[in-house]
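Just so you know, all these numbers are worked out from the coordinates, no wet-lab data involved. Note that the structure is a prediction, hence the values are computed from the model and not measured. Note that each Cβ is placed from the backbone with ideal geometry, even for glycine, and that neighbours are counted across all protein chains shown.
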């Protein structure tokens, strides 16, 4: 009896011991995760064989020599290479002699053990299917546009005409059959157009008034339509040019959620006349590491790699590939207009959103201003120039103060400093 | 009588044309993929060589967004003597120093550096350089904190890292001039805080 109890308690003890061990192992792994993310994840992927700056660590324990080699390597790889360790020198040469950080003094052996435990613990696989479906449903359904109302009206008119002509022929044939039975002379078959003409000549005044009204409406809308020629923005619907770009790039994701500043990609906006479309190397500053997007997965990001010959598996570039992305220009000014971004942004201190709208909420970039001359001039008339503490205007500000000395409530708008001169923009 | 008919015909024709034009222009506007009707398209799509456009010259396709011809030097270009190798990195850490005059207006440089930092670095490195920016959560690992593992990183290495990139970070040389990079170095040094003396002779100055 006693013996039995003893056996059970021993079993329980063993079980307890193992469970504590496992628990501590998990705790260890969690701790290791933190340590790994802080110290190693910048260059290594823990559970894949994805090459980034350093090799991926999937199956690393099968590759490296057994024992405490890996601990030694992590703590001071330089020392290990210098000691002439065969495997150390081999991998040092294999990865292009790119030195790994020396962690001596930062990580002790316990930390390294925790990190190794984390690498050993495979990550919990979140069911990919559920993730996919949610991504699919969030995809915007773009083909829900109904039929154009103009076509509906036209179709209605065509149906009416057909109905009218068939009814007319029915009426004529009925009348004729009636006439035949009564012995009256039959009505000669008339064409539809002849009848219409007869009606029109019978109601000349009505037709005249109607035609004049229609033509006035037509000319007015023609006049209005002419104003829209060459303008990529519709005042009425507040909708602008919004072309589909070669990559489904979302400003909402990049500038909105990730809070990347506009100038990070459009970096020439403060230095040049053009805001600049980023070349692919700027995409790669992040997308070398971020290879999967939240909505389209790898599909859209792969287009960046196709443009510059980057191989995400090996993290190397093929220098022979140069296929620049052909972005479609949205905000387009004619050749005879000069516009300078740096002048407006640096000196004028105009926010990007003033002309481009809130791109932080646009998944597809859209023109949000008409960019007509009227629009430019309206803004130049009402915008006051920030002159206080703006070194660019120091001299001009002094001169203007003298010129308008004693005048009450004078506003130094862009117009006042020559912003409406023809030669400012057209030369 | 005939004259009367003629005027009717004329007004009728005019209104028809007007309606057609309205129809055309409104149809063009509905499609967001199309810029609509253009008056004199050759003024919008110029025959002269414009930035970021494809041109065909003598049967050869020229694309303006390609790498510059080898040997070409950009205006304002300053050479950088340290190569993008581990040795170059170490050498830059020892020999490269900030050429901007820090005694006179270090605070001004730091202020300008802060503005640059908020545009070019903050989304990964975070507001205080702790590696907690919005993008860093999506990276395989966050960037190390300036006030932590990078506390004693010398200015030459900071500059070298901005120029060529380091680890996950890419090169920012195309976005920032050398002067701007040095201003950033001042601000990064401000975030690093005062340097701590190494506790033991082995290198704590990490190279990540």
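Under a plain spin-label model, where a point goes 7 Å from the Cα along Cα-to-Cβ, how far apart in nm are residue A:273 and residue A:238?
Once both label points are built, they end up 3.3 nm from each other.
For the peptides B:176-185, A:264-273, what is the packing order when you average, over each peptide's residues, the other Cβ atoms within 10 Å and list the highest mean first?
Ranked from most to least packed, the peptides come out as B:176-185, A:264-273.
Counting C-alpha atoms alone, how compact is region B:46-201: give Rg to one decimal and Dmax as a whole number, in angstrom.
Radius of gyration, then largest Cα-Cα span, for region B:46-201: 18.8, 67 Å.
Return the average number of partner chain Cβ atoms within 10 angstrom of each residue Cβ along peptide B:189-196.
For peptide B:189-196, the averaged partner shielding equals 0.
Show that you can apply the helix-only estimate: for chain A, add -39,500 (n - 2.57) for every DSSP H stretch of four or more residues, divide by all residues, and state [θ] at 222 nm to the nearest 500.
Helix-only estimate at 222 nm: -15000 deg cm²/dmol.
Under a crude label model (7 Å from the Cα following the beta-carbon direction), how far is residue A:169 from residue A:323 in nanometres?
5.8
Can you tell me, using C-alpha contacts under 8 Å and at least 6 residues apart, the relative contact order of chain A as a whole percent?
That works out to 14 percent.
I'd like the orientation of helix A:2-39 relative to chain A: the angle between its Cα long axis and the longest Cα principal axis, in ° from 0 to 90, rounded to 10.
That works out to roughly 60 degrees.
Kindly state, to the nearest 0.05, the FRET efficiency for residue A:398 paired with residue A:229, given R0 = 35 Å and r defined as their beta-carbon distance.
After rounding to 0.05, the efficiency reads 0.20.
Give the separation of the Cα centroids, region A:335-353 to region A:197-211, in Å.
One Cα centre to the other: 58 Å.
Rounded to the nearest 10 degrees, what's the angle between the helix A:394-403 long axis and the longest principal axis of chain A, both from Cα atoms, 0 to 90?
40
State the extension gain, in nm to one decimal, for the chain segment bounded by residue A:151 and residue A:48, taking 0.36 nm per residue of separation less the distance between their alpha-carbons.
Length gained between residue A:151 and residue A:48: 31.5 nm.
Could you calculate the contour length gain from residue A:369 to residue A:83, that is, 0.36 nm times the residue separation minus the distance between their Cα atoms, to one decimal place in nm?
96.3 nm
How many Cβ atoms of partner chains, on average, are near each residue of A:98-108 if near means within 10 Å of its Cβ?
Mean inter-chain Cβ contacts per residue within 10 Å come to 4.
Ranked highest first by the average count of other Cβ atoms within 10 Å around their residues, in what order do A:194-207, A:42-55 fall?
A:42-55, A:194-207
Quick one: angle between helix A:192-202 and the longest Cα principal axis of chain A, in degrees between 0 and 90, rounded to 10, please.
Tilt relative to chain A: about 60 degrees.
Taking a label point 7 Å from the Cα of residue B:97 along the Cα→Cβ vector, which residues of region B:155-184 have an amide N closer than 15 Å to it?
Flagged as within label range: B:155-157.
Could you calculate the FRET efficiency of residue B:54 with residue B:33 from 1/(1 + (r/R0)^6), where r is the beta carbon distance between them and R0 is 25 Å, rounded to 0.05?
Once rounded, the FRET efficiency stands at 0.85.
What is the extension gain from residue A:259 to residue A:411, computed as 0.36 nm multiplied by their sequence separation minus the C-alpha to C-alpha distance, in nm to one decimal?
In short, 51.2 nm is gained.
Given labels modelled 7 Å from the Cα in the Cβ direction, how far is it in nm from residue B:85 to residue B:128?
The modelled label-to-label distance comes out at 4.0 nm.
Can you check what the Kirkwood hydrodynamic radius comes to for region A:153-294, Cα pairs only, in Å to one decimal?
23.2
Give the average, rounded to an integer, of partner chain Cβ atoms located within 10 angstrom of each Cβ in A:195-204.
Counting other chains' Cβ atoms within 10 Å and averaging over A:195-204 gives 1.
Compute the projected area of the convex hull of the Cα atoms of region A:375-427, averaged over all viewing directions, and report it in nm² to one decimal place.
For region A:375-427, averaging the hull's shadow over all directions gives 4.2 nm².
Order A:408-421, A:246-259 from most to least packed using the mean count of other Cβ atoms within 10 Å.
In decreasing order of mean packing, A:408-421, A:246-259 become A:246-259, A:408-421.
Which FRET efficiency value, to the nearest 0.05, is calculated for residue A:354 and residue B:106 with the Förster distance at 35 angstrom and r the Cβ-Cβ distance?
It comes out at approximately 0.55.
Would you report the distance distribution of C-alpha pairs in chain A as whole percents per 10 angstrom bin, up to the bin with the largest distance?
Result, from short to long distances: 3, 11, 15, 14, 14, 12, 11, 7, 5, 4, 2, 1, 0, 0 percent.
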